[in-house]
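Trainee: Structure in structure tokens, see below.
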Amino acid sequence: MKNLLTDISGVRVGHADDAAIASGVTAIIFDAPAVASIDVRGGGPGTREESVLHLEGTVDAIDAITLSGGSALGLDAAGGVQAWLAEQGRGLRIRDAVIPIVPGAICFDLLNGGSKAWGRFPPYRDLGYAAAQAASTDFTLGSVGAGLGATTANFKGGLGSASAQTGSGIAVAALAVVNAVGSVTVGDGPWFWAAPFEANNEFGGRGLPPSFNPEMLKARLKGGPDARAAENTTLVVVVTDAVLTKPQARRLAMIAQTGMARAIYPVHAPLDGDVVFAAATGQKPIDPLFGLTELGMVAANTVARAIARGVHAATALPFLGALPAWSDRFG
């Protein structure tokens, strides 16, 4: 296993980004339609095709998920992924029509120092197409794709991923774009809140501090008292090879969302737009009670690890006043 979302067979990930604007897109492509749902906990989300993923929606399966910077302007990225899928003949078939089903979510990265003077139309549709075209089983972590312009309260944010298996052999993996209003580290030290769940020193092996003091437990918010509701988000995609119904995928997304609370402090604030997509490729049967509960538990741990890996792998943006990367201080 590569400790990536693509450890789930039939899943590919591609990035496209633009260094000048300090923003980008990440496309998660399913080789066959995947059953999916969503859980939203942040107070300022930005989503596309969210209603398709609700339990009352008629469509059960999706073809891709698009994550993008650009705030609401980045929702155009899913149109580029749709265009690429349509060229492959992929999508929901209604008689002679083919409609690729591509939910998406965005994070706010419009004030990170990059030039957003892109003219009449933002570049996200083209970036979405390029990300889908680049999709592969290998992909980079850190300041790439939708994580290029991401930030946290004290360090550069980024894109992370991790994978695991349950005791019964069900695989689950997560991909996270970490643009949180809070902090992924304990205070300003090298310790990640997700340290108890770390595997194989994947984000530095620093563990937790020997003790906690009040300064460590203070709220560190991006922008301080001037923080705004639309400016922050952590976006997560969880994929499993289990056979799940749409309600079970929804439950998986809900349990997996708790992984954010193990990795970000504070989280699910009115200042965030936190979203978890959960998708199942339907390769292995699972017990609907204990099996699904165990899967959710492992998924939550994997989400926490993916978030920490995103910050651990990030590199600082090359602009005056840009936040340092974790590696600049502790790498």
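Trainee: Compute the distance in nm between two label points, each set 7 Å from the Cα along the Cα-to-Cβ direction, one at residue 1 and one at residue 217.
Mentor: Output for this residue pair reads 3.4 nm.
Trainee: Probe of 1.4 angstrom, ligands and nucleic acids ignored: what's the accessible area per residue over the chain, in square angstrom?
Mentor: Per-residue value: 39 Å².
Trainee: Please report the relative contact order for the stretch 1-106, taking Cα pairs under 8 Å with a sequence separation of at least 6, and give it as a percent rounded to a whole number.
Mentor: 25
Trainee: Considering only 93, 220, 125, give the residue with the highest GNM mean-square fluctuation for the chain, with springs between Cα atoms whenever their separation is below 10 Å.
Mentor: 93
Trainee: In whole Å, what is the distance between the alpha-carbon centres of the stretch 1-35 and the stretch 68-134?
Mentor: 13
Trainee: Can you give the calculated 222 nm mean residue ellipticity of the chain, where each DSSP H run of n ≥ 4 adds -39,500 (n - 2.57) and the sum is split over every residue, rounded to the nearest 500 deg cm²/dmol?
Mentor: Taken over the chain, the calculation gives -6500 deg cm²/dmol.
Trainee: So for the pair residue 289, residue 136, with labels modelled 7 Å out along Cα→Cβ, what separation do we get in nm?
Mentor: Result for the modelled spin labels: 4.6 nm.
Trainee: Run the simple label-point estimate for residue 111 and residue 188 please: 7 Å along Cα→C-beta, distance reported in nm.
Mentor: 2.1
Trainee: Taking the chain as a Gaussian network, Cα atoms linked when under 10 Å apart, which of 32, 316, 278 shows the biggest mean-square fluctuation?
Mentor: Evaluated over the chain, the most mobile residue of the options is 32.
Trainee: Which entries of 116/246; 2/284; 116/218; 116/156 show an alpha-carbon separation above 28 angstrom in the structure shown?
Mentor: Checking Cα-Cα distances, 116/246; 116/218 exceed 28 Å.
Trainee: Taking a point 7 angstrom from the Cα of residue 319 along the C-beta vector, which residues in the stretch 117-155 have backbone N less than 17 Å away?
Mentor: From the stretch 117-155, the list is 117-119, 122-124, 143-155.
Trainee: Round to a whole number: what % of the accessible area of the stretch 196-331 belongs to carbon and sulfur, probe 1.4 Å?
Mentor: Solvent-exposed carbon and sulfur of the stretch 196-331 make up 60 percent of the total.
The values are calculated or read from the model by the stated rules, or taken from the named source; none is laboratory data. Predicted model only: the values in this text are computed from it and were never measured. Cβ: placed from backbone, ideal geometry, glycine included. Neighbour counts: every protein chain shown. Accessible surface is based on the protein model in full, side chains and every heavy atom, while ligands, DNA and RNA are left aside. Shrake-Rupley method; radii C 1.70, N 1.55, O 1.52, S 1.80 Å.
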